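Student: This is the structure I have questions about; it appears just below.
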Amino acid sequence: MTDLYAVIGNPVSHSKSPLIHAEFARATAQDMRYTALLAPLDGFADAVHAFQAQGGKGMNVTVPFKQEAWRLATRLTERATLAQAVNTLKFEDDTILGDNTDGAGLIRDILHNLGFSIAGKRVLLMGAGGAARGVLQPLLEQQPLSLIIANRTVAKAEELQQQFAAYGAVIALDYAELAGNQFDLLINATSSSLSDALPPLPAGIFAPHSLAYDLMYGKGLTPFLTFAKQQGAARFADGLGMLVEQAAESFYLWRGVRPETQPLIASLRTDLC
């Protein structure tokens, strides 16, 4: 019997998840069907329960429902608890397991696809919203030399500093306080690229051999990656690899099989060009 999965969101028609998971299923010979489900803004929980009642095995959750999914889950992984957001649901009898695979997707893309080691590196994480919260613990697990969170509202960065202090040394700063520092890995977890904007970064912060990484992706370089190139960053990457890798992590949670990702990343990259 074919197992049912879906991505739920509003809007959701733009999601690449059905394409990604269809390819994963084909490549790993899994008998499953994956669809996109548009939920009313005030009807997320009802839509999830209805899908579960129809025999659904799991769901990916996209905007604006990740925090609602966190509250709806009856059991949470540690990384979902820390992120206070859920992008993956797994239905097991009467249990709704909530997970957050974003951080794992980011780390796998950086380590395995880009071949960049985070251990012992100076890391700058820009932003203190849900995207930053979702990747902080996995980043700290890689034991960077230092990890600084920069945010326009320093109080929000300080909240994350306190919450994640048990997992490693985190420093919260205002963007202006970054002047005079250099970083080996710079991650843009803000939504600035969606509005074609750039975090207010000072010049000279990209160390030799540095990697600039933007969680957003699209055709061409984002404003942050353009700035990084102008400032002499050695390497730059957008979030397309993370997108596929976080999907692979969800797929593994559901099916117990980890699909190959690099061929699909290359194919999606070609489609963007």
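Every number in this text was worked out from the coordinates using simple rules, so none of it is lab data. Keep in mind the model is a prediction, meaning the values are calculated, not measured. So basically every Cβ, Gly included, is an ideal-geometry build from the backbone, and we count neighbours across all protein chains shown.
Student: With axes computed from alpha carbons, what is the tilt in degrees of helix 44-53 against the longest principal axis of the chain, rounded to the nearest 10 within 0 to 90?
Tutor: Around 40 degrees separate the two axes.
Student: Among 95, 226, 190, which comes first, second and so on when ranked by fewest other beta-carbon atoms within 10 Å?
Tutor: 95, 226, 190
Student: Specify the residue with the greatest mean-square fluctuation among 238, 174, 42, computed from a Gaussian network of the chain linking alpha-carbon atoms under 10 Å apart.
Tutor: 42
Student: Please build a GNM for the chain, connecting alpha carbons under 10 Å apart, and tell me which residue among 228, 155, 85 fluctuates the most.
Tutor: 155
Student: Amide H to amide H under 5 Å from residue 35: which residues, 5+ apart in sequence or cross-chain, H placed 1.01 Å off N in plane?
Tutor: Result for residue 35 returns 5, 6, 7.
Student: For a test of the definition: using alpha carbon positions, the gyration tensor, and the 1.5 limit on a/c, classify segment 103-240 as rounded, prolate or oblate.
Tutor: In terms of gyration-tensor shape, rounded.
Student: Right, another one. How far is the Cα center of segment 181-259 from the Cα center of segment 145-159, in Å?
Tutor: After rounding, the separation between the Cα centres reads 18 Å.
Student: At what distance in nm do the modelled label points of residue 63 and residue 169 sit from each other, each positioned 7 Å from its Cα along Cα→Cβ?
Tutor: It works out to 3.5 nm between the two label points.
Student: To the nearest 20 Debye, how big is the dipole of the chain about its Cα centre, given +1 on the beta carbon of each Lys and Arg and -1 on that of each Asp and Glu?
Tutor: Computed charge dipole of the chain: roughly 440 debye.
Student: With θ taken as phi - 60° and the coefficients 6.51, -1.76 and 1.60, list the Karplus ³J(HN,Hα) couplings across segment 113-120 in order, rounded to whole Hz; mark glycine and proline as x.
Tutor: Once rounded to whole Hz, the list reads 7, 9, x, 10, 7, 8, 4, x.
Student: Kirkwood hydrodynamic radius, segment 3-100, all distinct C-alpha pairs: what's the number in Å?
Tutor: 13.4
Student: For every helix of n ≥ 4 consecutive DSSP H residues, a contribution of -39,500 (n - 2.57) applies; sum these over the chain, divide by its total residues, and give [θ] at 222 nm rounded to the nearest 500 deg cm²/dmol.
Tutor: After summing the helix terms and dividing by residue count, I get -10500 deg cm²/dmol.
Student: Net charge within 12 Å of residue 34 by Cβ-Cβ distance, Lys/Arg positive one each and Asp/Glu negative one each, not counting residue 34 itself?
Tutor: Net of charged neighbours comes to +2.
Student: Step through the residues of segment 211-216 one at a time and calculate ³J(HN,Hα) from phi using the Karplus curve (6.51 cos²θ - 1.76 cosθ + 1.60, θ = phi - 60°), rounding each to whole Hz and writing x for Gly and Pro.
Tutor: Result, rounded to whole Hz: 10, 9, 10, 10, 5, 7.
Student: At 7 Å along Cα-to-Cβ for each site, give me the label-to-label distance between residue 38 and residue 119 in nm.
Tutor: 4.8
Student: Can you flag which of 57/229; 121/219; 90/229; 121/156 are past 32 Å Cα-Cα?
Tutor: With Cα atoms farther than 32 Å apart: 57/229; 90/229.
Student: Next question. Whole-Hz Karplus ³J(HN,Hα) for segment 81-98, in order, using 6.51 cos²θ - 1.76 cosθ + 1.60 and θ = phi - 60°, x for Gly and Pro?
Tutor: Once rounded to whole Hz, the list reads 4, 5, 6, 6, 7, 10, 10, 9, 10, 10, 9, 10, 6, 9, 9, 10, 7, x.
Student: Which angle from 0 to 90°, rounded to the nearest 10, does the C-alpha axis of helix 262-272 make with the longest principal axis of the chain?
Tutor: 80
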